[in-house]
Amino acid sequence: MKKYFWIPLILLIIFSSCTKNEMKKNIKKKEETFNAGLKKDTVLYALGRDLIVQYDSFIKRYPKDSRCPEMVFNAGAMYLKYLSDNWEAIKYFDLLYEKYPDYERTPEALFTIANLYNDFLKKQDKAKAYFELIIKTYPKHRLASDSKVLLRNIGKSDEELWNDIQKQQKEQSEKK
């Protein structure tokens, strides 16, 4: 574990002297290596952390670059999917909404936060707030309608959900 501690520090020193294009090229190379490793079912924990450090460095230096929203989203997704850190994922997805609300995947990031709060962290008040934010901010997005459904069902037991489904099926069959 000690050897992983030094990796971000060394990379920070190396990348602080790189130009924007060099940083982009290095990030692209790390992304390709990371993705190739995932295809082999290998979780490249150290490489994932290293890539996030590079994303952070790039975003801080070039916040208006067109790749920054993608990098913020990718960092959140990596924390969620491969590094198993819900709180860090939420941090990056919130940052995406804060700094890049018009990015095409921002609604997806907010939806992920809402589901994390609802399903894993059991904070239904927070989940409701994020579902409502999606509905209000992105009303025409496909996740707005999903958010409405999930918002109506927050806090319901499995039995209540099953009863609702049966009721809807009965109503639909009576209409035919």
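Coordinate-derived values only; no laboratory data. Everything quoted here is computed from the prediction, not taken from an experiment. Cβ atoms come from the backbone with ideal geometry, glycine included; neighbour counts cover every protein chain shown.
Which order do 49, 61 fall in if you start with the one that has the fewest other Cβ atoms within 10 Å? Mind dumping the intermediate values first?
Values: 49 18, 61 15.
By the 10 Å Cβ count, ascending, the order reads 61, 49.
Applying a 10 Å radius around every beta-carbon, put 87-94, 98-105 in order of their mean neighbour count, most first.
Values: 87-94: 19.1, 98-105: 13.8.
Highest-to-lowest ranking by the protection proxy: 87-94, 98-105.
So between residue 99 and residue 121, what do we pick up on full extension, going 0.36 nm a residue minus the alpha carbon distance? Walk me through the numbers before you get to the answer.
Numbers: separation 22, 0.36 × 22 = 7.92 nm, distance 2.46 nm.
Separation in residues times 0.36 nm, less the Cα-Cα distance, equals 5.5 nm.
Each of residue 154 and residue 142 was given a label point 7 Å from its Cα along the Cα-to-Cβ line. The distance between the two points is 2.4 nm.
Which entries of 30/81; 29/99; 99/126; 29/91; 81/148; 60/123 have Cα-Cα distances beyond 22 Å here? Result: 29/99; 29/91; 81/148; 60/123 exceed 22 Å. Taking each residue as 0.36 nm, the span from residue 81 to residue 65 lengthens on full extension beyond its C-alpha to C-alpha distance by 3.2 nm. With the simple spin-label model, which puts each label point 7 Å out from Cα in the Cβ direction, the residue 175 to residue 22 separation comes to 6.3 nm. Within the shell of other residues whose beta carbon sits under 14 angstrom from the beta carbon of residue 102, the net charge comes to 0, with Lys and Arg scored +1 and Asp and Glu -1.
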